[in-house]
Structures are given as structure tokens and as C-alpha cells.
Amino acid sequence: MVVASNQDLDHLYQVPLSEFTAARNELARKAGADGAAVKARLKPSVPAWAVNQLYWTDRRTYDRLTKASERVRAGHAQSLKGKKVDLAALELQHDAAIKQAADRVRDILARAGDPATPATMKAVVDTLRSLPGGEPGRLAKTLAPMGFGALGALLKRGSGPKALAEIVTFAPPKPKPPKADEVADAARRAAEAARRRRKDIGVELKRLASALSTARAAFDRAARARADIESRLEKAVAESDRHRAEVARLERETRTLESERARLT
């Protein structure tokens with residue numbers, strides 16, 4: 001009996017979004033007893049698919065975000081128990097991890113040809129803020145950020161010892177506001193990166209223009225050659241028809257003369 005392996009399902013959630021339905025149906029067809037369960041899997045939304053790709057292509061960024069999220073949740077749980085925790089520092093670290101992950105997701109969407117619209121990115125950020133949650137790498141829908149009710153449930157069931165231990169040992173430095181020279185330096189780097197990109201685009205445009213000119217010249221030559229061949233073909237057909245008619249006339253005359261000779265004999 002054929003069954004769908006975890007590896008098969010992992011691959012399904014890594015294919016381009018436009019190919020998901022066909023890939024899912026093909027996997028369901030091959031999955032035998034698991035076919036119905038595979039067929040029931042929903043096609044991910046664009047934001048959910050993009051977050052899935054972050055999991056599959058940049059696990060380091062994904063894991064950094066989930067670890068920061070677990071620290072925040074554990075910190076809130078400890079705070080609700082009356083313990084002193086530097087929640088502000090934890091939140092800053094979490095926000096930084098979300099921003100880094102969101103930037104990577106925006107790149108993923110750009111490479112896939114999907115517009116990173118404000119609505120899409122809001123859903124992406126909400127989902128990133130909700131991690132860890134759902135099936136990692138197999139999300140079908142976006143997630144909603146955890147609210148105070150969920151934090152209360154977290155407190156009731158208790159945070160894992162590993163997450164709580166990290167709260168005790170983790171002391172992220174409070175970020176300092178950037179200095180004026182750092183801001184200027186960042187602006188210079190951005191301007192330099194933009195200049196290099198413009199230069200690269202200029203070089204690529206010249207290459208494309210040259211290739212386009214060459215392709216157009218080749219097309220024109222081929223069109224002229226085709227027209228010449230078609231003209232010669234028309235002349236050859238007309239010449240062939242003329243000779244065919246002449247052959248038929250001569251054959252008729254030959255038969256007539258042979259018949260007359262036979263009568264005379």
C-alpha cells in the first residue's frame with residue numbers, strides 16, 4: 001500500500017504556489033490510503049505560502065524568530081506570576097527578529113513574482129508574530145497574534161522549562177538610539193548600493209539592447225529568405241504546370257497518330 005510520506009508533504013509545500021493544486025492532486029492520486037487526507041489539504045494563501053518558504057529556505061532566520069517569540073511568551077508568563085522580567089528588552093529582540101524575517105519574506109515574494117502589497121505584508125507580519133504556531137512549513141492560512149487570553153492559558157499550563165530557563169539566562173542588551181554619524185553612514189551605504197544597482201541595470205539594458213538588435217536582424221534575414229523561397233516555389237509550380245500540360249498534349253497527338261497508322265496497316 002502506498003502512503004504519503006512526510007518528505008512528500010514537505011515537498012508539496014515548497015512548490016510554487018501556482019503549482020500547488022496540481023502537485024497536491026498528483027500526490028493524492030499516488031498516496032493510496034492517504035489520498036483523501038492529502039486531497040483535503042488546502043492551498044495556502046499567498047502570505048502563508050511565503051512564510052512557509054521562509055521556513056524551507058532560511059531556517060536560521062525562522063528559528064531565530066521562533067526562539068525570540070518563545071522568550072517573550074515565557075517572559076509574560078513569568079510576569080503574570082509576579083516575577084520581574086525585562087519584557088521591554090524581550091519585545092525589542094522579538095520585533096527585530098520579526099523585521100528581519102519580514103524583509104526575507106518580501107524578497108521571497110519578489111522572486112516569486114507576487115506583489116508584496118501592504119495587505120499581504122500585514123498578514124505576513126501577523127503570522128510571523130504568531131509563530132511558533134500551526135504546522136511549521138505547512139501553513140495554509142495566516143495566523144493571528146497571541147492575545148492576553150492566550151497568555152493566560154499559557155500561564156495555566158505553565159511554560160516549558162527550557163523557555164523559562166532562557167528568560168533567566170538571556171539578557172539582551174537594550175538597543176541604543178543610532179548616532180547621527182551612524183545614520184549618515186547608513187544613508188551613504190544605501191546611496192552607494194542604489195548607485196551600484198543603477199549601474200548594473202544600465203549594463204544589463206545595454207546587453208539586452210544588443211541581443212534584441214541581433215535577434216531582429218536575424219528575423220529580418222529569415223523573413224527575406226522565406227519570401228525568396230516562396231517566390232521561387234510559385235515560379236516552379238507554374239513551370240511544372242506548363243510542362244505537365246505540354247506532356248499531355250504531346251501524348252494525345254502521339255496516340256492519335258498511332259491509331260491512324262494502325263488503320264492504314
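The values are calculated or read from the model by the stated rules, or taken from the named source; none is laboratory data. Everything quoted here is computed from the prediction, not taken from an experiment. Ideal geometry is used to build each Cβ from the backbone, glycine not excepted, and the neighbour counts take in all protein chains shown. Ligands, DNA and RNA are excluded from the accessible area calculation, which covers all protein heavy atoms including side chains. Shrake-Rupley method; radii C 1.70, N 1.55, O 1.52, S 1.80 Å.
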Taking DSSP loops as anything outside H, G, I, E and B, show the longest stretch in the chain free of trypsin sites (Lys or Arg not before Pro) there with at most 13 other beta carbons within 10 Å. 180-265
Would you calculate a helix-derived [θ] at 222 nm for the chain, using -39,500 (n - 2.57) for each DSSP H run of n ≥ 4 and dividing by the full residue count, to the nearest 500? -26000 deg cm²/dmol
Could you please state how large a percent of the accessible area of the stretch 1-119 is carbon and sulfur, counting protein chains only and using a 1.4 Å probe? 52 percent
What accessible area per residue comes out for the chain, rounded to a whole number of Å², with a 1.4 Å probe? 68 Å²
Run the 1.4 Å probe and let me know the accessible area of SER79, rounded to the nearest 10 Å². 50 Å²
Selected from VAL125, VAL38, VAL85, residue furthest toward positive end of dipole (the stretch 25-136; charges at beta carbon): VAL85
Placing unit charges on C-beta atoms (Lys and Arg positive, Asp and Glu negative, everything else neutral), compute the dipole magnitude of the chain about its Cα centre in debye, rounded to 20. 840 debye
Expected vector for the stretch 53-60, Karplus 3J(HN,Hα) from phi with 6.51, -1.76, 1.60 and θ = phi - 60°, integer Hz, x for Gly and Pro, equals 5, 4, 4, 7, 10, 9, 5, 5
Tilt, helix 118-130 to longest principal axis of the chain (alpha-carbon atoms), in degrees rounded to tens, equals 50 degrees
Got a number for the accessible area of SER45? Probe 1.4 Å, square angstrom, nearest 10. 40 Å²
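From the protein chains alone at 1.4 Å, what is the descending order of accessible area for TYR55, TYR62, largest first?
Working: TYR55 40, TYR62 15 Å².
Largest accessible area first, the list is TYR55, TYR62.
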Ignoring everything but the protein chains, give the 1.4 Å probe accessible area of ASP200 in square angstrom, nearest 10. 90 Å²
Percent RCO, i.e. relative contact order, over the chain, from Cα pairs under 8 Å lying at least 6 residues apart: 18 percent
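Which entries of LYS83/LYS179; LYS83/LYS122; LYS67/LYS99; LYS43/LYS67; LYS122/LYS179 show an alpha-carbon separation above 24 angstrom in the structure shown? Provide the component values of the computation, followed by the final result.
Details: LYS83/LYS179 34 Å; LYS83/LYS122 33 Å; LYS67/LYS99 14 Å; LYS43/LYS67 27 Å; LYS122/LYS179 30 Å.
Flagged as over cut-off: LYS83/LYS179; LYS83/LYS122; LYS43/LYS67; LYS122/LYS179.
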Averaging the inverse of every distinct alpha carbon separation and then flipping it gives the Kirkwood radius. What is it for the chain, in angstrom units? 25.5 Å
For the stretch 1-120, size of Cβ-based charge dipole, Lys and Arg +1, Asp and Glu -1, in debye: 340 debye
